[in-house]
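No lab work stands behind these numbers, since they all come straight from the coordinates. The structure presented is a predicted model; accordingly, all values stated were derived computationally and were not measured. Glycine also receives a Cβ, built like all others from the backbone with ideal geometry; neighbour counts cover every protein chain displayed.
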Amino acid sequence: MKIPLSRIAHTRSGDKGDLSNIGVIAYKQEYYPILLREVTADRVKAHFGDLVNGRVERFELPNLGALNFLLYEALDGGGTISLRTDAQGKTHGAALLSLEIEVGEDEL
Amino acid sequence: MIRIANGQGFWGDWLEAPVRLVEQGPLDYLMLDYLAEVTMSILQKQKAADPALGYARDFPPLIGRIAKRIRERHIRVLANAGGVNAIACAKEVLRLAPDIKVAVVLGDDILPALDALLAAGHEMRNMDTGAPLSTIRDRIQSANAYLGAFPIAEALATGADVIITGRCTDSALALAPMIHEFGWGPADHDLLAAGTVAGHIIECGAQCTGGNCQVDWQTIPELANIGFPIVEMEPDGSFAVTKHLGTGGRINTAVVKEQLLYEIGDPCRYVMADCIADFTTIRLFDDGPDRVRCTGVRGEPAPSTLKLSMSYHYGWKAIGALVFTWPQALEKAKTADRIVRSHLDQLGLRFEKIHTEYFGVNACLGTAAPPVADPPEVELRIGVRGEDRKAVDRFTRELIPLVLNGPPGATGYGEGRPKVREIVAYWPALIPREAIHPRVEVVE
């Protein structure tokens, strides 16, 4: 079945120059394999559409049941240069919560 | 065990937080982080206008408020409030709190030495774009190295009550007391990494005690009295994150994980001046109410380079807004946007970027925003940036006329036309460690 990412994970995001990073954390350790399978760099890139001009890179933190995503060219120049309301990617984490993922009923 | 608290996650954070930290429970060290990436350029400008300025002006009055308490309780304060004028900051502290002993850490400000460093062959290329510093040399407004914890620990060894630094890594302010108390050395990579992780968890203040936390946020107790974070560090590098009893907020592993992942890159290589910490080695455990234990942190030796934080004049920008209401609020806002862009075009004005957002529809979340059918109100937000200040200034005249000349029902222009602001941009770079010479002074 399809569920939003918000059912199994929470997020926090921030900035480094023109790059935003999103930490995605499974609510339970048993959800971590779902994150690994469903929340790929390509799907994150597609989810953000024209908000993110560059590539998306994914890192794994199995010890925390978490993934870290780096979104390049994601902040219209970043910090002081950006003309966006959210020049520092503070809301990118929340934006990712609506990502639709596919899970088996036995996985929840 | 030593207790290190953070009472300020950035310059402008809650003014009462450090006062409450020293009053509401036991503490050995209080760290305060005042410097964001481009703060230094603002401080350089203030110093150019008045040689007695150039530091975080919130800091000396704070020490005035808590001086008696920290003397009685033997709490020592570490702050990067010095900005580009740590000695002036120290003198103002001494004026307001004459009984306090103050030491400063200097050597981070390389603006005066910049040409010599370039001449010596240091290219200081932009870490993001690869461009050499020489391409923007004449526009540089500030240049500082991120110092590590060892010079700060040296300042603690002078016996000073208050240590003031300029630019240093945020986590170094937390790591320095551990080095000072436990005798950790530069080769103790795992211990330095543990201290760095502890510093990273608390460096954004209440963001690890329930602030900006998604998990059950509606049930987090008393955000209005949120407790700021305290690390209880053991000599073996294991530590707990907690807060004073009776304060609001929440600390559990979920909350701490959010902060651990905040503003990091490759988690295996969290590169700081004192070590490289591996976040994939961190073990977290809930250890009672509002208390998380952390063990197992591993690290690698410090890099041979230090990071530089420079700022330079980039151009000018202005952002203006108009509000349109139901019905067809979004359609009205889009029509107004087309009119503004047509006017800019007719005037022959050129910008590096014209950016439009429909606030209430897609400003923050873009295409990830859930669709809204005929929203009750939409704020049209248009921003421009470019090198030509006059063009940006001319843009600021183009929004308010639409109240009479554009689609019906525009409002929300009460603040007048938008302000033209200078864009001071950030230039991250690396430099060999040997090129930077930190030093400590006790200020009388």
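Worth a mention:
- Options B:V378, B:Q328, B:Q346, ranked by Cα towards positive dipole end of segment B:312-393, top entry (Cβ charges): B:Q346
- In plain terms, the C-alpha convex hull of segment B:1-157 casts an average shadow of 10.8 nm² when viewed from every direction.
- Model label sites at B:L347 and A:D106, defined 7 Å from Cα along the beta-carbon direction, differ in position by 6.6 nm.
- The Rg/Rh ratio of segment A:49-108, with both radii computed over alpha carbons and Rh defined as the Kirkwood radius, is 1.06.
- Across peptide A:40-51, the average count of Cβ atoms from other chains found within 10 Å of a residue's Cβ is 2.
- Packing-based exposure ordering (other Cβ within 10 Å, fewest first) of A:H92, B:H189, B:H313: B:H313, B:H189, A:H92
- Using alpha-carbon coordinates, inclination of helix B:329-346 to the longest axis of chain B, degrees: 80 degrees
- Summing Cβ point charges (Lys, Arg +1; Asp, Glu -1) relative to the Cα centre of the protein assembly as shown gives a dipole of roughly 1360 debye.
- Here is how the number arises for chain B: DSSP H runs of 4 or more residues each give -39500 (n - 2.57), the sum is divided by the residue count, and the result at 222 nm is -8000 deg cm²/dmol.
- Contact order normalised by residue count of segment B:193-276, Cα under 8 Å, 6+ apart, percent: 33 percent
- Ranking of B:C268, B:C275 by count of other Cβ atoms within 10 Å, fewest first: B:C268, B:C275
- Volume per residue of the C-alpha convex hull in the protein assembly as shown, rounded to whole Å³: 156 Å³
- Given charges at beta-carbon only (K, R positive; D, E negative), |dipole| of segment B:327-366 in Debye: 60 debye
- Average other protein chain Cβ within 10 Å of Cβ, residues B:170-181: 0
- Whichever aspartates and glutamates have a C-alpha closer than 14 Å to that of A:K2, once near sequence neighbours (fewer than 8 apart) are set aside: A:E38, A:E100, A:E102, A:E105, A:D106, A:E107
- Potential extension, B:R137-B:E415 segment - 0.36 nm per residue separation minus Cα distance: 96.4 nm
- Taking every C-alpha pair closer than 8 Å and separated by at least 6 residues, the mean separation divided by the residue count of chain B gives a relative contact order of 18 percent.
- Burial ordering of B:W326, B:W14, B:W427, fewest other beta-carbon atoms within 10 Å first: B:W326, B:W14, B:W427
- Other protein chain Cβ atoms within 10 Å, averaged over every residue that makes up A:68-78: 3
- Straight-distance crosslink candidates among aspartates and glutamates, where the alpha carbon sits under 19 Å from B:K332 and sequence neighbours closer than 8 are dropped: B:E357, B:D374, B:E377, B:E379, B:E398
- Among B:N212, B:N126, B:N405, residue whose mean-square fluctuation peaks in a GNM of chain B (springs only between Cα atoms under 10 Å): B:N405
- Those lysines that a straight Cα-Cα span of less than 20 Å connects to B:K307, excepting residues fewer than 8 apart in one chain: A:K16
- Charge tally for B:P301 (other residues, Cβ to Cβ under 14 Å; Lys, Arg +1; Asp, Glu -1): -2.
- Simple label model, 7 Å out from Cα along Cβ direction - B:R65 to B:N225, nm: 1.8 nm
- The charge dipole of segment B:7-142, taken about the Cα centre with unit charges on the Cβ atoms of Lys, Arg (+1) and Asp, Glu (-1), comes to about 480 debye, rounded to the nearest 20.
- Relative contact order, whole percent, for segment B:355-425 stands at 26, derived from Cα pairs under 8 Å and 6 or more residues apart.
- Cα long-axis angle, helix B:172-182 against chain B (0 to 90 degrees, to the nearest 10): 10 degrees
- For chain B, modelled as a GNM whose springs connect Cα atoms under 10 angstrom apart, the maximal fluctuation among B:D345, B:D50, B:D33 occurs at B:D345.
- Chain lengthening between A:Y27 and A:R7 when straightened (0.36 nm per residue, less Cα-Cα): 6.4 nm
- Given charges at Cβ of Lys, Arg, Asp, Glu: chain B dipole, positive-most of B:V271, B:G107, B:V231: B:G107
- In a DSSP loop and with at most 13 other Cβ atoms within 10 Å, the trypsin sites (Lys or Arg not before Pro) in segment A:10-108 are A:K28, A:R55.
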